[in-house]
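Since the structure comes first, as structure tokens, the remarks are kept for the end.
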Ligand SMILES: [Zn+2]
């Protein structure tokens, strides 16, 4: 990320906002600094982004203050217990951050899940972890074994990232909203400009899960 910012000519001190679709497994300490020493990081951590606020849904911040036992393995409290509290910007629901950039509330995977939505030269993109592959939004075009058949058999319009432990039905509705918001891919209109924040990639170690289509990156000219 830091190399990418350097290529764009953006200094870390000029970054105003950081955002994740949710905070499972995110270790924020290096990004926003800590208020006390961290045994595994050799002392109190100075922030990489001293002026940035982490945009997070208030729902998620509240849930993190007293984790449900099933959530503990996903959140790893030791990675955020001592981060600077003033580095969070709690928001309620969807909002426009600036021209062409919005946060859309997409509850389900966690109550405070959110999606980054961008309007670019190629049209509208959305990025979240609600699905692990772009073809999960148009499963009828998937060549991954079982995906199209499963969607057809169960009359499902989308195929979810399935490790949800809160409200799966809400996550389904959220993914339908994302599907509705985004434009089609310009090179292959069977697939949409939904960028999975943990995009499935082919691996010899996982036979049968090679995606039919991947974005690899969001590319645009403005
Ligand atoms: Zn998660």
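The values are calculated or read from the model by the stated rules, or taken from the named source; none is laboratory data. Only a predicted model underlies this, so the values are computations on that prediction, with no experimental measurement involved. When we count neighbours, we look across all protein chains shown, and the Cβ atoms used for this are built from the backbone with ideal geometry, even at glycine.
Summary of values
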item: Criterion: part of a loop (DSSP other than H, G, I, E, B), within 16 Å of the ligand (Cβ to nearest atom), under 23 Å from residue 59 (Cα atoms) and outside the structural domain of residue 23 (by TED's automatic domain parsing) - qualifying residue of 166, 178; result: 166
item: Residues within segment 53-79 that are modelled with pLDDT under 95, buried (at least 16 other Cβ atoms within 10 Å of the Cβ) and more than 13 Å from the ligand (Cβ to nearest atom), tallied; result: 3
item: Residues that are within 16 Å of the ligand (Cβ to nearest atom) and over 14 Å from the mean Cα position of the chain (by Cα), drawn from segment 5-40; result: 27, 28
item: Answer residue from segment 78-95, given it is part of a loop (DSSP other than H, G, I, E, B) and touching a strand residue (DSSP E or B) at 6+ places or on another chain (Cβ under 6 Å) and is nearest to residue 127 (Cα to Cα) among those; result: 94
item: Selected residue (only one of 98, 112, 208 is closer than 20 Å to residue 57 by Cα and out of contact with any strand residue (DSSP E or B) (no Cβ under 7 Å at 6 or more places or on another chain)); result: 98
